[in-house]
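Any read-out appearing in this document is the output of simple, stated calculations on the displayed coordinates, not a laboratory observation. Remember, it's a predicted structure, so these values are computed and weren't measured experimentally. Virtual Cβ from ideal backbone geometry, glycine too; neighbours counted across all protein chains shown.
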Amino acid sequence: MSEPSQPLLEARDVSKTVRGPEGRLDILAGVSLAVHAGESFAIVGASGSGKTTLLGLLAGLDVPSAGSIHLGGHALEAMDEEARADLRRRMVGFVFQSFHLLPALTAEENVMLPLELEGRDDARARAHEALEAVGLGARRRHHPAQLSGGEQQRVAIARAYVHGPHVLFADEPTGNLDQRTGRHVADLLFALNRDHRTTLVLVTHDATLAARCSRGVELIEGRLAAPAVAP
Amino acid sequence: MKLLRLALRTLRREWHLAELRTLAASLLLAVVALGVVATLASRVERGLLASAAELIGGDAGLSAPQALPQAYADEARRRELAVTRSARFPSVAFAGERGQLLDVDAVDRAWPLRGVLELAAHGSSTIGHGPAPGTVYLDHRALVALGLAVGQRVQVGGQQLTIAAELVREPDGGELVAMAPRAVMNLADAQRAGLLGVGSRAGHQLLVAGAPAAVDGWLAWAKAHPLPQGARLVTTEQTQERMRSAFDRAGAFLRLTALLSALLAGVAIALAAQRYARRKTPEIALLRALGTARGRVIGLLVATLAALAVPMALLGVLLALGVAEGAWRLAGTQLVHVPTTLPLLPALGAAAMGLAVLAGFALPPLARLAEVPPVAVFRASMVRRMRRVDTLYLVPALVALALIWSQSGSAKLAGILAASLLGVAVVAALLALLLLWLARRIAPGAHPALRLGLAALARRRALSTVQATALSLGLVALLLLAVVAPALLDGWRRELPADTPNWFALNLQDDQRADFTQRLQQLGARELNMLPLAMGKLTSINGTPVDRLHFADPRAKDWVDRQLRLSWTGTLPPSNRVIAGQWVGAQPPRAEVSIDTMWRDMFGLKLGDRMRFDVGEGTLDATVASVRQVDWSSFRVNFFLLLDPAHASGLPHTWLASFYLPRGHAEALAQLSRDYGNLSLVDVDALLDRVREIVGQVGGAVRWVLAFSLLAGALVLAAALATSAAERRHEAALLRTLGARRGQLRLAAACEFALLGLIAGLTSALGAAGAGWWLGRAVFRLDGFMPPLAPLAGAALLSAVVIMLLGLAGTRRVTRTSPMRLLREQ
């Protein structure tokens, strides 16, 4: 756990380059930012601006081509994939645009997954609690195909929170939902951020959603523009 | 045309899809496996027929009680066939004081055209042809009986001949009852000595050999003309009954192998098609939403599949022919020496069957695509869920049944196999469900990674059950072939037990029986069995003389002309089974006869028919009381006609004794033969050796075919594991994102596949044991056959380990999936 004065998450001069069919492609170039514990932080930008790539790097799903990223005091680029997986399990939760629930599992079993990875015996009870918290206690035996888009995303949020992560990454969490449902899901995310002091980093192109965050940055063609939201 | 072009374009675009490649590979594999097996089976069968030719000494021929007209030889030569003539007759040979009745083959220098004439002289053995004029070959028994050695002279038919070599083995038509020791002399010598003239007891033979088409042509020509009196055609198919039974069993083994390969291919195709259909669902929904008619969607799908299948099937044919040719060359040393040409038809038939399998097994999932509603473009869940009972799923079952029937050629074998496979499928599904239920019960207390693996398996219940069932079916086929088939083969080999009677004594008189029995017992003979033997003729049936009766079966006439061997006993002999009527018993009120099935069919006899036999000076009228099924491969003394002892024992008769005597008693037996001058001793050992040798050859051939089926099975296994690969990759990416370590994923996968393997291994071992037990009894008639349980259990465990390792190898890439994949899949 970092000191209050220290950022929980920090990127310094981060670049990401890939080789494509037409040669070298710079997806991100010279991105620096810092997010403190308990903050809600938005990354906004047009499609193809590099938002998702940046989110993947910040969450330790990938490593930068240059620069460094610290999460909870750990330099991610210095860690191998196994160590990063460990760190993710302890500190990180995810919410995706297309929910990414396993279709063969019930809502409850989907929520149990992170706890099972930790080998916890109380996985089922805690998953039940988490589902109750997002208002889906009664639907815990339903499979994803039997749930609406909003309900699926609420299950995904329960899964993201169930093991008490320090930081929650959300990639366009309302992108696949209608306005009203999207607003409810966003309310849920911010309520959890507020109640549990879980840091929230979200990628969105929805200006309204970004505006609800305490701070944020805008990406334009892989580079940081002016802060999107004033601190 | 437009549709075809669109289909080709679709295929080009989709060729990178793993499931489409799997589909293509499965079809290719199916055609190659079916084609290789069918081509090899066809060649092996031809090779075995050639083996039969070796026994006859030629590819076909004609035998008659008198010399055969020159026209037959001329016609054969006109067709560029080799021709040989021979005659067989009994003759007494003399050497000094000693005389011995011999079975003499008088042959020309070209004899034999097929098979091997093995000779021994001065300590070395050679392969030879008919003896030169003035020389003779004698077998060991004749040499011992006459007290002669190679190089000495013997008198046959009044001529002094030099013994050029000892006769070790000759093509003898697989005759069991060789009446006496054997000799082979020159045909011209026999003619000069007047041994073949009018009134002689010689049987004449003309044999031909050459290209199969020319032989068939000659046979057709011979059949088209009236045969000389008493003549009959000799073909490879008409070799001795027990030989034919051996070939039939070999054929059943080969067909079984081909059949199981086909079904394995079907399983692979079904799995790949299911995966392809799943992938195509959103695309079809989109096409339908954009206004494409259902018929056109299906047309495009069928055209795409056809564009894929036809070239693959043709490639399969080429590969099958290549592999079959290579395998034949490699196996050639194990098989017969007669070369056969590469047959094309079986491979083309395999391509047709492969396409049928593709159509049949791919149909249910692909046809389901026709029902994808346009609205599914919005929600995947709107695709109609699979119905539990669906007539479409009868299609692969029907295709499988048709394949089983066409390949087995026997409704009984087809029924047993279909029932076994269905049984295995049901048991596999039930066992899988049970074990998955157990896994769910033990999961909460297990190690976290283990629990994750078990939970994953238990949660993917439907898929796990389908996979376990498919793997079980594949494995049961492999186990049947790898473990049960060799055991059946061994059982079949053992069916001729070591103490099978290896000597027959003919012509024993009533007053010699007691003394002869005592002498044999002193020599250490076992399994002594004596039956009376009377020689007679069938003279009338139901009061009508047989020469006034017309029989549809040409063999009947032949039997009517012959002296028949009649015997009687109060107890049903072993290897005989009454299939109609009542066994005659010892004391029926009137004379009764029991006939074997061949006689029933040949003469159209039924229970209650009256048969009159002339035996010596007397006659006997007997009523048909029962029909017997005789196992002619048992090497016991068997008779087509068995009378009741109460009425037959008064007929003039001698005794026929069969017994087992370990080798190394030739001298003692020769003495016995001299002491009982009237006695003919027959050595069955030589023939038994020949049968064992042929069984060995068949075994070698089956093993070769088996190797290809095993390969097919292993590849199908890989295809089955690939079906869930995409889902696994997605799952792995998610678990990695949530922080799962690679080791956790690997351990979870290991647990999952080990359990899957255990279910499949256990089920298939049970299935193979059951099917093997059933096949052994019902088809191969091996009473008391017990499938090898320990090797089956071992194989089941090994299967579990192999499936686990294969699963781990197949999911190695999955555990390395980058978690970024999830974000990219948005």
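Observations on the model:
- Annotation: amide H of A:Gln97 within the under-5 Å range of A:Asp171, sequence separation 5 or more or interchain, hydrogens built in the peptide plane.
- Annotation: amide H-H contacts under 5 Å for A:Ala66 (H modelled 1.01 Å from N, sequence separation of 5 or more, or interchain): A:Ser15.
- For region A:211-217, putting each phi into the Karplus relation 6.51 cos²θ - 1.76 cosθ + 1.60 with θ = phi - 60° gives couplings of 5, 6, 7, 6, 8, x, 9 Hz, in residue order, rounded to whole numbers and with x for Gly and Pro.
- If you take the Cα centroid of region B:285-312 and the Cα centroid of region B:391-440, the two points sit 30 Å apart.
- In order along region B:785-802, the phi-based Karplus estimate (6.51 cos²θ - 1.76 cosθ + 1.60, θ = phi - 60°) of 3J(HN,Hα) comes to 5, 10, x, x, 6, 4, x, 5, 4, x, 5, 5, 5, 4, 4, 4, 5, 5 Hz; Gly and Pro are listed as x.
- Relative contact order computed over region B:554-667 (Cα-Cα under 8 Å; 6+ residues apart), in percent: 35
- Region A:8-94: relative contact order as a whole-number percent, Cα under 8 Å and 6+ apart: 33
- Gaussian network model of chain A, springs between alpha carbon atoms under 10 Å - residue of A:Thr204, A:Thr53, A:Thr174 with greatest fluctuation: A:Thr53
- Averaged over the residues of peptide A:169-176, the number of Cβ atoms from other protein chains lying within 10 Å of each residue's Cβ is 1.
- Springs join every pair of Cα atoms under 10 Å in this Gaussian network model of chain A, and among A:Pro103, A:Pro114, A:Pro21 the largest mean-square fluctuation is at A:Pro21.
- Counting Cβ atoms of other protein chains within 10 Å of each residue's Cβ and taking the mean over peptide A:61-68 gives 2.
- Pairs of Cα atoms farther than 28 Å apart, region B:503-682, %: 29
- Vicinal HN-Hα couplings computed from phi for region B:78-86 (Karplus, 6.51 cos²θ - 1.76 cosθ + 1.60; Hz; Gly/Pro x): 4, 8, 6, 9, 7, 10, 9, 10, 8
- B:Glu527 long-range amide H proximity, modeled H, under 5 Å: B:Tyr660
- Considering only region B:503-682, percent of DSSP beta bridges that pair antiparallel, nearest 5: 80
- In percent, rounded to a whole number, the relative contact order of chain A is 28, using alpha-carbon pairs under 8 Å and six or more apart.
- Taking label positions 7 Å along the Cα-Cβ direction at both B:Leu344 and B:Arg813, the computed distance is 3.9 nm, reported to one decimal.
- Rounded FRET efficiency, nearest 0.05, which uses the C-beta distance separating B:Asp558 from B:Ala82 and R0 of 22 Å: 0.25
- Rounded FRET efficiency, nearest 0.05, which uses the C-beta distance separating A:Ser68 from A:Gln146 and R0 of 56 Å: 0.80
- Taking every alpha-carbon pair within region B:95-175, the share separated by more than 20 Å comes to 27 percent.
- Rounded to the nearest 20 debye, the dipole size of region B:66-229 about its Cα centre is 200 debye, using +1 on the Cβ of Lys and Arg and -1 on the Cβ of Asp and Glu.
- Between B:Val116 and B:Arg9, the simple spin-label model (points 7 angstrom out along Cα→Cβ) gives 6.6 nm.
- Put in line by how crowded their Cβ is, counting other Cβ atoms within 10 Å and starting with the fewest, B:Lys557, B:Lys223, A:Lys51, A:Lys16 read B:Lys223, B:Lys557, A:Lys16, A:Lys51.
- In the elastic network of chain A, a GNM with C-alpha springs shorter than 10 Å, the most mobile of A:Val95, A:Val31, A:Val44 is A:Val31.
- Kirkwood Rh and Cα Rg combined as Rg over Rh, evaluated for chain A: 0.96
- Alpha-carbon gyration tensor eigenvalues x 5, square-rooted, for region B:66-229, Å: 30, 18, 13
- Region B:552-576 and region B:203-233: distance between their alpha carbon centers, rounded to Å: 26
- For the pair B:Glu371 and B:Ser124 in one chain, pulling the backbone fully straight at 0.36 nm per residue adds 81.1 nm over the alpha carbon distance.
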